[in-house]
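Here's the structure we're looking at; comments come further down.
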Amino acid sequence: RTTNTWPVMPDLRACTAAAAAVACSVAYALYVWRRDRALHEDDPSDQSGKGFVAGGHDDSIRFIGDRILKKQQDGGRGERECAFLLEASMHHFLKEWAPQCVGSRNFEGAMWTEMSNTLAGLVSPVVLDLKLGTQTWHPGASDDKRKQHEAKAAQSTSGILGVRVTGGQLRTAFGGALEPIGAKMKREVRTEPELLECLRRFLVSAPLRLTFLRKMQALEDWFSSQTEFAFFGSSVLLAFDGALESPTELRIGLIDFPHVYRLNQIDRSCLTGVATLRRLAQSLVAA
């Protein structure tokens with residue numbers, strides 16, 4: 001294993017067509033649809049049933065049956081994500097958090113990665129994307145990029161709390177309309193009390209809150225000691241079935257991995273965010 005600060009990049013010759021598909025991230029499972037599964041036929045160009053994308057990747061997503069196609073990112077990001085996820089799929093901890101992909105295909109003159117729909121089986125998915133890190137710009141980023149990210153962090157909860165609501169939905173009432181939330185939705189969450197309230201409203205039942213606390217405790221334990229990876233721009237994805245008045249299943253995963261580095265030190269940027277989420281989860285459970 002290399003010990004420098006370069007991104008994780010195993011020999012790309014080993015990335016076969018199937019392996020390359022592992023680059024697909026659960027982040028791109030953020031589509032939410034409210035129509036019958038039959039709308040999602042094996043024609044990726046038929047998107048009549050598409051819905052909301054929390055992370056803002058609307059033009060890079062296609063449905064195909066019960067799977068999702070995600071357009072491969074340029075600038076080497078797709079390859080880096082592939083390389084990381086190849087390793088993550090065999091990692092003792094991350095294999096339970098990282099996405100599973102099934103292949104790749106050429107469509108509309110571009111390469112797309114294919115994955116099973118992480119939200120499969122949820123009749124009416126409600127999702128929340130929480131970007132981790134006090135530092136969201138990656139090593140080697142230009143000065144302009146760094147300043148842009150620092151400005152965003154200062155105006156949101158990222159800079160101090162290490163977590164930012166990128167996008168998602170809040171249930172106003174069972175069976176009612178969903179309320180958009182997060183930076184991508186022009187509904188920025190700017191303070192810790194607002195973040196706590198966002199989580200309180202999203203986690204609509206005691207079982208969801210208990211699961212969230214348990215998973216954040218496990219994630220904090222891992223980040224507190226691991227020195228293998230440093231994540232920049234990665235998120236925690238939360239989802240539950242809004243068709244249930246009192247849902248008990250909360251799906252949680254880590255998503256978005258185009259900028260994962262080996263810095264051989266504790267990733268305190270993301271650790272801050274995970275610790276914040278664990279602390280807020282404890283407050284919700286205790287309330």
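For the reader, a short list of remarks on this structure follows.
- Scattering curve values for segment 144-287, log₁₀ I(q)/I(0), Debye with Cα scatterers, q = 0.18, 0.19 Å⁻¹: -1.13, -1.24
- Phi to ³J(HN,Hα) by Karplus 6.51 cos²θ - 1.76 cosθ + 1.60 over segment 82-98, Hz, x for Gly, Pro: 4, 4, 5, 5, 4, 6, 5, 5, 10, 6, 4, 9, 5, 4, 8, 10, 7
- Mean Cα-pair separation over length for segment 125-286, i.e. relative contact order, pairs under 8 Å, 6 or more apart, %: 31
- Spin-label model, M90/R146: points 7 Å from Cα along the beta carbon direction are separated by 3.5 nm.
- FRET efficiency for A287 and R105, using Cβ-Cβ distance with R0 set to 35 Å, rounded to 0.05: 0.15
- Nearest-0.05 FRET efficiency for E245 and R279, computed from C-beta distance (R0 41 Å): 0.90
- Spatially proximal lysines relative to K184 (Cα-Cα < 28 Å; intrachain offsets below 8 disregarded): K50, K70, K71, K131, K145, K147, K152, K215
- Evaluated at q = 0.20, 0.25 Å⁻¹: base-10 log I(q)/I(0), Debye formula over Cα of segment 123-227: -1.13, -1.38
Any read-out appearing in this document is the output of simple, stated calculations on the displayed coordinates, not a laboratory observation. All values derive from a computational prediction rather than experimental measurement. Note that each Cβ is placed from the backbone with ideal geometry, even for glycine, and that neighbours are counted across all protein chains shown.
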